[in-house]
1. Can you run phi through the Karplus equation (6.51, -1.76, 1.60; θ = phi - 60°) for region 42-52 and list ³J(HN,Hα) in whole Hz, with x for Gly and Pro?
2. So how far, in whole Å, is the C-alpha centre of region 77-96 from the one of region 40-65?
3. Which whole-Hz ³J(HN,Hα) couplings does region 53-60 yield from phi under the Karplus relation 6.51 cos²θ - 1.76 cosθ + 1.60, θ = phi - 60°, glycine and proline marked x?
4. Quick check for you: with a 1.4 Å probe and neighbouring chains kept, what is the accessible area per residue of region 60-102, in Å²?
5. Express the C-alpha Rg of region 29-101 as a ratio against the empirical globular expectation 2.2 N^0.38 Å, rounded to two decimals.
6. With the crude spin-label approximation of a point 7 Å out along Cα→Cβ, what separation in nm comes out for residue 101 versus residue 41?
7. Per the 1.4 Å probe, what fraction of the accessible area of region 29-101, in percent, lies on carbon and sulfur atoms?
8. Quick one: if the Förster radius is 25 Å, what FRET efficiency do residue 84 and residue 26 give, using the C-beta to C-beta distance and rounding to 0.05?
Amino acid sequence: MLSISRFLQKNQAVLVSRQLQRTLSSQTDGETRIAQLLKEKFPSATSLKVVDISGGCGAMYEVHIESNEFKGKRTIQQHQLVNQALKEEIQGMHGLRIFTDVPRE
């Protein structure tokens, strides 16, 4: 019978291993699809990162995008542009975190 601390150590090792595999593996289909849509909508994006933060099931994503197309727009306007670009995709999501920025010159 495993002690509680031994059980936690074993499960923590499995979790770390899964996170490492996820980090080393390619993007999920959902991440790839969302990234492609954003690349098409924001062709001047200098930085783009899409991460499935739901553990791989596609229910929640985090988007980091840096584009000159956001220049002169308030954060809410920038986020509205991203939401509009992902309008169809968002319908199947539980949540979406958006981080936008304008490239530094």
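1. 10, x, 8, 4, 8, 8, 8, 9, 10, 10, 7
2. Taking the Cα centre of region 40-65 as reference, the centre of region 77-96 is 11 Å away.
3. 9, 9, x, x, 8, x, 8, 8
4. 61
5. Output field value: 1.02.
6. 2.0
7. Solvent-exposed carbon and sulfur of region 29-101 make up 47 percent of the total.
8. Efficiency for this residue pair is about 0.35.
The values are calculated or read from the model by the stated rules, or taken from the named source; none is laboratory data. The structure displayed is predicted, hence computed values, not measured ones. Cβ coordinates were reconstructed from backbone atoms using ideal geometry, including for glycine residues, and neighbour counts include every protein chain displayed. These accessible areas exclude ligands, DNA and RNA; they are computed on the full protein's heavy atoms, side chains included. Shrake-Rupley method; radii C 1.70, N 1.55, O 1.52, S 1.80 Å.
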